[in-house]
Amino acid sequence: MKALEGVKILDFTHVQSGPTCTQLLAWFGADVIKVERPGVGDATRKQLVDVPGADSLYFTMLNHNKRSIELNSKNETGKEVLTRLIETCDVMVENFAPGALDRMGFTWERIQEINPKMILASVKGFGPGKYEDCKVYENVAQCAGGAASTTGFLDGPPLVTGAQIGDSGTGLHLALGIVTALYQAAKTGKGQKVLAPMQDGVINLCRVKLRDQQRLKAGPLKEYSQYGEGIEFGDATPRAGNDSGGGQPGRILKCKGWHDDPNAYTYFITQAAVWDKICDVIGEPGWKTAEEFATPEKRLPHLDAIFARIEDWTMTKSKYEVMEICNPLNIPVGPILSTKEIMEDEGLRKTGTIVEVEHPERGTYVSVGCPIKLSESPVEVTRSPLLGEHTVEILSEVLGYDGEELAKVVESGAVGDVNKAAAE
Ligand code: COA
């Protein structure tokens, strides 16, 4: 038994934000029916192609455990099929450009008429307001959500991060909204609209930066490196390089091999509780009693000097040795892992966070499995569907079309070319 077994999701999502959400729901056991444009499908199927003729990793890594139906939702018969799907499913998830669903004729009012219990979950770039009609991609959301202005170094331009907080981050927010709405619907019998704007999702993830924005009124942000460097603060939360962002100062420091290896670095946190142990490890026992380092507050203006000395030590060790030495002492450190190292990590493979998946067009590829572990709802990652692979199965098994109806739908062109043998 899977947690969301029995829940049917009409997955009208594409690209990244929506698909990450429905992929999670599929991993938790929902039956996710991905509706795709006949002959075309989700645009990512053919973007950043690495194996000619095969679905791209962009698509396969975001659409595991789903079924695919090709359906032209602008064709009359296609609209009838979509109506039947709306009747049958519990949740409809979409991340079209604003207004696209209305233009297809499926307004919220119409959807409620068809199925009053339907939960309509949407990702949009912005919430209601002056930007609500804009099309938005990942980096736009990172910029408009406050992440870019607070990422990077003080003397450089704003930076976007490699973590897809605008797309996958919003997908996560949407998934929580959907599960919450399902929980409410179980009690009220009513559906509702769930909206996760990408800008809002990024702002939520930048909460501590908005904390700092308000703290500026009370004076300089003393835990930021720029305080120790004597650089004045402006009127907005500044870029903080690799400063920790919390009450415990931290930095990224070079490790042995940094000249040749771009990832030979460690994150090092000078947590107050283990200050004495840090002093001993780096060979500065005298710092334990030095007046200028006596309290965390007193150390703040000296962070550059402190981390420079710690780096002298970390540069004599590999990033893994730093971990091995510091961990038993409860000094929080973390190696900078490359994507290659992560993909080869045995521990992550054991927990199912890194998985190998078989695909008929690609062979074996590595993917990211479910990052959330439910003890009573284990996840088995299965490959993404080929375009329209389940068209006939969905029409007949989910919607109950008989042979004649099936033939009519196929003839109308609403579902693209189906495998004739399967249709018969
Ligand atoms: N049958 C027929 N038409 C279909 C269809 C189907 N199965 N699926 C999609 N379409 C149509 C849509 O109705 C739309 O037509 P319209 O413009 O005539 O109304 C058209 O395909 C294109 O959809 P759209 O969403 O505008 O795609 P796009 O490629 O132009 O824009 C985004 C892509 C991501 C920018 C846009 O969808 C968007 O802003 N989404 C919301 C924010 C978001 O999720 N962004 C992150 C993506 S990772």
query = For region 233-258, how many residues meet the condition of being open to solvent by 60 Å² or more (accessible area, probe 1.4 Å), of a type outside the set (A, V, I, L, M, F, W, C) and over 21 Å from L159 (Cα atoms)?
reply = 3
remark   = Selection over region 74-95 where residues are assigned to a loop (DSSP other than H, G, I, E, B), within 14 Å of the ligand (Cβ to nearest atom) and modelled with pLDDT of 95 or more yields a count of 1
ask   = Based on what the data block shows, is R67 at pLDDT 95 or above, within 30 Å of G363 (Cα to Cα) and not in a loop (DSSP other than H, G, I, E, B)?
value = yes
message = Tell me yes or no: at least one residue of region 335-346 is assigned to a strand (DSSP E or B), over 30 Å from A273 (Cβ atoms), of a type in the set (S, T, Y) and free of Cβ contacts under 8 Å to residues at least 60 places away in the same chain.
response = no
query = Which condition does L174 not pass, out of (1) within 30 Å of G234 (Cα to Cα); (2) open to solvent by less than 20 Å² (accessible area, probe 1.4 Å), if it passes all the others?
reply = (1)
Any chance K2 is more than 13 Å from the ligand (Cβ to nearest atom) and outside the structural domain of I165 (by TED's automatic domain parsing) = yes
message = For region 185-203, check the following and say yes or no: at least one residue is basic (K, R) and in the same structural domain as L300 (by TED's automatic domain parsing).
response = no
inquiry  = Suppose the filter is among the acidic types (D, E) and either near the ligand (Cβ under 10 Å from one of its atoms) or outside the structural domain of P385 (by TED's automatic domain parsing) (or both); does D55 pass it?
reply    = no
Hits in region 96-109 - residues which are touching a residue at least 12 places away in the same chain (Cβ under 8 Å), within 13 Å of the ligand (Cβ to nearest atom) and open to solvent by 20 Å² or more (accessible area, probe 1.4 Å) = F96, A97, P98, G99, G105
query = Of the residues T44, T22, which is of a type in the set (S, T, N, Q), in contact (Cβ under 8 Å) with a residue 60 or more places away in the chain, within 29 Å of G413 (Cα to Cα) and within 15 Å of the ligand (Cβ to nearest atom)?
reply = T22
note = Reported set for region 203-232 where residues are more than 29 Å from the chain's Cα centre (by Cα) and more than 18 Å from G247 (Cβ to Cβ) is K217, E229, G230, I231, E232
query = Only one of (1) open to solvent by 40 Å² or more (accessible area, probe 1.4 Å); (2) within 30 Å of H259 (Cβ to Cβ) is not met by G334, so which one is it?
reply = (1)
request  = Kindly indicate the residue of region 10-22 that is under 24 Å from L374 (Cα atoms) and open to solvent by 10 Å² or more (accessible area, probe 1.4 Å) and also farthest from the chain's Cα centre (by Cα) among those meeting that condition.
outcome  = Q16
remark   = Condition set near the ligand (Cβ under 6 Å from one of its atoms) and of a type in the set (K, R), scope region 120-139, selection most open to solvent (accessible area, probe 1.4 Å): answer is K135
key: Filter result (within 19 Å of Q184 (Cα to Cα) and either among the hydroxyl-bearing types (S, T, Y) or open to solvent by 10 Å² or more (accessible area, probe 1.4 Å) (or both)) within region 110-119   = Q112, N115, P116, K117
note = For region 73-90, pairs from a residue that is open to solvent by 60 Å² or more (accessible area, probe 1.4 Å) to a residue that is assigned to a helix (DSSP H, G or I), with Cβ under 6 Å and 6 or more apart or across chains, are E87/I114
Some residue of region 347-367 being among the hydrophobic types (A, V, I, L, M, F, W, C) and closer than 30 Å to L71 by Cα = yes
request  = Look at P296 and say whether it is within 36 Å of the chain's Cα centre (by Cα) and within 17 Å of D243 (Cβ to Cβ).
outcome  = yes
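Let's see how each residue does on (1) among the basic types (K, R); (2) at pLDDT below 95; (3) at negative phi; (4) open to solvent by 30 Å² or more (accessible area, probe 1.4 Å):
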{"position": "K350", "(1), (2), (3), (4)": "yes, no, yes, yes"}
{"position": "H359", "(1), (2), (3), (4)": "no, no, yes, no"}
{"position": "V368", "(1), (2), (3), (4)": "no, no, yes, yes"}
{"position": "K373", "(1), (2), (3), (4)": "yes, no, yes, yes"}
{"position": "P378", "(1), (2), (3), (4)": "no, no, yes, yes"}
{"position": "G400", "(1), (2), (3), (4)": "no, no, no, yes"}
{"position": "A407", "(1), (2), (3), (4)": "no, yes, yes, yes"}
key: Qualifying helices (runs of 4 or more DSSP H) (wholly inside region 149-236; at least 3 residues being away from the ligand (no atom under 16 Å from the Cβ), among the hydrophobic types (A, V, I, L, M, F, W, C) and in contact with a strand residue (DSSP E or B) (Cβ under 8 Å, 6 or more places away or on another chain))   = 168-188
task = Give the residue, chosen from E324, E361, E356, E297, that is out of contact with any strand residue (DSSP E or B) (no Cβ under 7 Å at 6 or more places or on another chain) and either in a strand (DSSP E or B) or within 30 Å of F59 (Cβ to Cβ) (or both).
result = E361
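The values are calculated or read from the model by the stated rules, or taken from the named source; none is laboratory data. Here the structure is a predicted model, which is why all the values come from computation and not from measurement. All Cβ positions, glycine included, derive from the backbone under ideal geometry; neighbour counts span all protein chains shown. The protein model used for the area step is the full one, side chains on, heavy atoms only, and it has no ligands, DNA or RNA in it. Shrake-Rupley method; radii C 1.70, N 1.55, O 1.52, S 1.80 Å.
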